[in-house]
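The values are calculated or read from the model by the stated rules, or taken from the named source; none is laboratory data. Because the structure is a prediction, the values reported are computed rather than measured. Positions of Cβ are generated from backbone atoms using ideal geometry, with glycine treated the same way; all protein chains shown enter the neighbour counts. Ligands, DNA and RNA are stripped out before the accessible areas are found, and what is left, the full protein with its side chains, is counted by its heavy atoms. Shrake-Rupley method; radii C 1.70, N 1.55, O 1.52, S 1.80 Å.
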Amino acid sequence: QVQLVESGGGLVQPGGSLILSCVASGSIFRSNTMGWYRQAPGKQRELVARITSSGSINYADFVKGRSTISRDNAKTSVFLHMNSLKPEDTAVYYCNLLMLFREYWGKGTLVTVSS
């Protein structure tokens, strides 16, 4: 059974930074795509960033230039380093794993950007 566990959320001031981490466990094939989505209250879940096992990366326009996604060599962990955080970045951030045409989700970690 595949499980994703996120960590690193919390309260941060506008302009601050944080790093989100996600660890996948279970039967993980090295060929996969891992990424981060977010969902703000009253809004749909949206892609933040994703990275394939070959290193191809996509960023949503709203985080380009202030976020970096990376992953470990074992292809079981993914990280999102976010800078210059804004109040509108407040959301639950979910880790996502796409593997063998199936999607897996973590339970999410709350990021609150507020002074």
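Points to keep in mind about this one:
- Options S114, S27, S21: the member that is loosely packed, with under 12 Cβ neighbours inside 10 Å and under 22 Å from Q1 (Cα atoms): S27
- Residue match in segment 85-99 (condition: assigned to a loop (DSSP other than H, G, I, E, B), surrounded by fewer than 20 Cβ atoms within 10 Å (Cβ to Cβ) and within 14 Å of the chain's Cα centre (by Cα)): yes
- Filtered by the rule that a residue be assigned to a loop (DSSP other than H, G, I, E, B) and surrounded by 14 or more Cβ atoms within 10 Å (Cβ to Cβ), segment 65-82 gives R66, K75, T76.
- Residue selected from segment 100-109 under the condition outside any strand (DSSP E or B) and not aromatic (F, W, Y), by the criterion least open to solvent (accessible area, probe 1.4 Å): G106
- Extreme residue, modelled with the lowest pLDDT, among residues of segment 33-64 that are polar (S, T, N, Q) and open to solvent by 80 Å² or more (accessible area, probe 1.4 Å): S54
- Within segment 7-18, considering residues that are on the phi > 0 side of the Ramachandran plot and assigned to a loop (DSSP other than H, G, I, E, B), the one surrounded by the most Cβ atoms within 10 Å (Cβ to Cβ): G8
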